[in-house]
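Undergrad: Quick one: the structure is below, questions incoming.
The values are calculated or read from the model by the stated rules, or taken from the named source; none is laboratory data. Computed from a predicted model, the values in this text were never measured in an experiment. Backbone-built Cβ (ideal geometry, glycine too); neighbour counts: all protein chains shown. Ligands, DNA and RNA are stripped out before the accessible areas are found, and what is left, the full protein with its side chains, is counted by its heavy atoms. Shrake-Rupley method; radii C 1.70, N 1.55, O 1.52, S 1.80 Å.
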Amino acid sequence: MSISNAAATAPAPARTGWSQSRVWRRLRRNPTALAGGVIVLLFIAIAIAAPLLAPYEPNVSSWLTVRKPPTAAHWMGTDDVGRDVMSRLIHGSRASLSAGIISVAIALLIGVPLGVLAGYYGGWLDAVISRVTEAVLACPFLILAIALAAFLGPSLTNAMIAIGISAAPIFVRLARGQVLSVKTEDYVQGARAVGCSDFRIIRRYILPNIFPPLLVQSTLTIATAIIAEASLSFLGLGQQPPDPSWGSMLNTAKNFITQAPWMAIWPGVAIFVVVFGFNILGDGLRDALDPRDSR
Amino acid sequence: MLAFMARRLAVSIPTLVLISLLVFSLQLLLPGDPALAIAGDERTPEMLAFIREKYHLNDPIVVQYWYWLTGVLSGDMGISIRSQMPVTELILTKLPVTLQLGIMAMIIALAIGIPAGIISAVRKGSAWDVGANVVALSGISIPNFWLGIMLIMLVSVQWGLLPASGYTSPLEDPVRNIQTMIMPAFVLGTGIAAIMMRHTRSSMLSSLQADYVRTARAKGLSERIVVLRHAFRNALIPVVTLGTLQLGELLSGAVLTEQIFTIPGFGKLIVDAVFNRDYAVVQGVVLFTGTAFILMNLLADMLYFLLNPRLRA
C-alpha cells in the first residue's frame, strides 16, 4: 500500500479524544441527560405508535361531546367540536416532532456544506458566505420564519422549510468555526501532503471531526424548532385544520379559555416536556463531548 | 472610540445591503404573478397593468431591486394594501407600543435573571444552584404563548386581578396602561430572564476564579464586597453586551405575546399583514427588525468598548 493510500484509508484521528464508548460512559453518569434522552425517546415512540395509542380518531367530531371536561371516556376532555383532546395530542406529536427533526435536517443540509466551504477554502468564498449568514442572522428567527411562511403559503411543509432556512445560519457559523480549527491539524496537513483531494479530505478527515458540536447544536435546535413550529401553527401558518398539531390546538383553545381550560393545558404541557427533554439531552451531550472534561 | 465605531459601521454596510436583498427576494417566493398577489381578489386587467407598471414588475429583477432599494433609502417602504398607509408610517405608529413592552420585559428579565445568576454562581452545586438551573431551563422550554394563556386563565379569569387583553395608551391612563402591559411583559421577560441567568452564572463563575478575586479575598475583604464589587462588576461586561443582543428574542416573543394579549404593536402588525397578504408590510417589518438588530450589535460593541478598560487603553 502506498503512503498516499495508507493516509487516505486510515481512520481520521480523534481530534478531541472523543469516542462513542467514552461519550456513552459520560452520558450514563449524567442522570439529567439520561432523563432527557428517555423523554425524547418516549415522545418519538408515541409519535410512531400514534394510531395504536390514540383511543379515538383525531379528526372525528361529535356534537354530543362538545367541550366535555376530562372523564373516564375522554381522559383529557374534548374540544370545541367534540374531538378527543388526548387523541389529538398523541397524533399532534407527529407534526411537532417531525417538524423539529425535518427542519433541523434542512438547516443542516444548507448550513453544513456552506460552513465547510467557507471554512475550508476561505478567501472571497468565506467572505461572501459569512456576510450572507450575518444578514440572515440579523433577522429575528421567528419573524423571518413568519415572513417566509407568509410568502410560501401556510402549511406544515412550508413551516418546516421556513424554520429550516431560518435556522441554517447557526450551522454555517458552527461548521465554519470548527473547520477553521480542524484544518490546521497535522492529520489534515498530512493528508494534503500525500495528495488527497479536497473532497476526500473534507469527507474523511474534516466532517467526522466536526460532528460532535454539530450533534449538540442539532439537539438544541430541534427544541427551538419544535417551539417555532408550535408558534407558526398557533398563528395559523403551520399545520392546517383539521389535522392536529400542538400549536394549532392551542390556537383553537385560546378562544375557549373560560369554557374549556383543559383544551389549553395539555398541548402546552406536551410542548414544554418534549422541549425540556431535548434541552437537557443537548446540555448533557455537550458535557459528554467536551474535550476539556477529562473524566 | 470614533475610529472604532466608524470601522464597525463600515463593516455593517455590506450586511445591511444583504438584508435588503434578502427582504426583496422574499417576493420571489410568491407563486405565480406577484401582481395577482398584490391585487387580491378584486382584480381587473387594468388594475393588474397598473400594478405591474407601479411596481416595475415588467422590468428585469435587478432594476426592480434598484427601484425598491432607492425607495427604502428615502424612507419609502411602499403602501399597505390593507390600510392604504405608508409602511414606514405604520411601523413607526406601532413601534412605541412594542418598545414599551420590550423595555418592561427587559426590566423584568434583568430583575430576575441577574440576581438568580449571581446566587447560582456563588452557591455553585447547592440546592439553590440546581433549582435556579432547572427554573432557567424551564423558562427556555416553556412556549411563551402558552404561558400567556395560562396566566390569563389564572390571573385574569380565576382571580380577576388584571385585564386579560387590550391596550391603553400611557398618555391616556398610565395606571391602566401598566395593568394591561405587566402580564404580557412578564410573559415576554421570563424566557429572556432564563437566558440572562445562564449568562450571568457562567460569567460570574469565571470571574470568581480570576486572580483579582483571589487578591481581594487575600486582602481580607468581606465576601459580599468581593462578590458584588469585584466579581460582579467584571462579570457584568459580557452580560450587558449579550443582553443588548436579546433584541431578536424580544421581537420574536413580542409577535406571539401581542397576539395573545391583543396589543396593537409591531408583532401584531406583521401577523395581521400576513393574513391580509399585505406583503409590503411583511417586508417592511423584516427589514426594520434586521436593521435594528445590526444597530443593536453596534451598540453592544460600543458598550463593550466603554465598559472594558483594557479595550479603551
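Undergrad: Mind checking which of B:Leu269, B:Val255, B:Ala109 is farthest towards the positive end of the protein assembly as shown's charge dipole, using Cβ charges of +1 (Lys, Arg) and -1 (Asp, Glu) about the Cα centre?
TA: Checked the options; the winner is B:Ala109.
Undergrad: Measure off 7 Å from each Cα along the Cα-to-Cβ vector at A:Ile48 and B:Arg7, then give the distance between these two points in nanometres to one decimal.
TA: Computed distance between label sites A:Ile48 and B:Arg7 equals 5.5 nm.
Undergrad: If you take each beta carbon of peptide B:11-23 and count the beta carbons of other chains within 10 angstrom, what is the mean?
TA: Mean number of neighbouring Cβ atoms from other chains: 4.
Undergrad: Chymotrypsin sites (Phe, Trp or Tyr not before Pro) within the range B:130-202: which are DSSP loop residues with at most 16 other Cβ atoms inside 10 Å?
TA: B:Trp159
Undergrad: Summing +1 for each Lys or Arg and -1 for each Asp or Glu, what net charge is found among the other residues whose Cβ lies under 10 Å from the Cβ of A:Ala33?
TA: Spelling it out: positives minus negatives among the neighbours equals +2.
Undergrad: Where the only charges are on Cβ atoms (+1 Lys, Arg; -1 Asp, Glu), what is the dipole of chain A about its Cα centre, to the nearest 20 debye?
TA: Here the size comes out at about 740 debye.
Undergrad: Report the net charge of residues surrounding B:Gln259, where surrounding means a beta-carbon distance below 12 angstrom and charges are Lys +1, Arg +1, Asp -1, Glu -1.
TA: 0
Undergrad: Can I ask one more? Ignoring GluC sites (Glu not before Pro) that are buried or in helix or strand per DSSP, and keeping those with at most 16 other beta carbon atoms within 10 Å, what is the longest stretch of chain B between them?
TA: Here the longest run is B:173-313.
Undergrad: Let a ≥ b ≥ c be the square roots of the eigenvalues of the Cα gyration tensor of the protein assembly as shown; is it rounded (a/c under 1.5), or, if not, prolate (a/b larger than b/c) or oblate?
TA: Taking the square roots of the gyration eigenvalues as a ≥ b ≥ c, the protein assembly as shown is rounded.
Undergrad: What is the sum of charges, Lys and Arg at +1 and Asp and Glu at -1, for the other residues whose Cβ falls under 10 Å from the Cβ of B:Asp129? Provide the component values of the computation, followed by the final result.
TA: Working: positive: B:Arg123, B:Lys124, B:Arg201; negative: none.
Surrounding charge for B:Asp129 is +3.
Undergrad: What is the gain in length, in nm to one decimal, between B:Tyr67 and B:Leu48 on full extension, counting 0.36 nm per residue of separation less the C-alpha to C-alpha distance?
TA: On the way: separation 19, 0.36 × 19 = 6.84 nm, distance 1.89 nm.
Once the chain is fully extended between B:Tyr67 and B:Leu48, it gains 5.0 nm.
Undergrad: Rounded to the nearest Å, what's the spacing between the alpha carbon centres of the range A:222-279 and the range B:221-257? Just the number, please.
TA: 31
Undergrad: Go ahead and run the numbers for FRET between A:Gln20 and B:Trp128, Cβ-Cβ distance against an R0 of 45 Å, rounding to 0.05.
TA: Working: r = 36 Å, r/R0 = 0.79.
So the FRET efficiency works out to roughly 0.80.
Undergrad: For the range A:39-288, with every protein chain kept in place, what is the accessible area per residue (1.4 Å probe, Å²)?
TA: In whole numbers, the range A:39-288 has 38 Å² accessible per residue.
Undergrad: Okay, next question. Using only the Cα atoms of chain A, what are the Rg and Dmax in Å?
TA: Gyration radius and largest Cα-Cα distance of chain A: 22.7, 78 Å.
Undergrad: Placing unit charges on C-beta atoms (Lys and Arg positive, Asp and Glu negative, everything else neutral), compute the dipole magnitude of the range B:230-313 about its Cα centre in debye, rounded to 20.
TA: Computed about the Cα centre, the dipole is about 360 debye.
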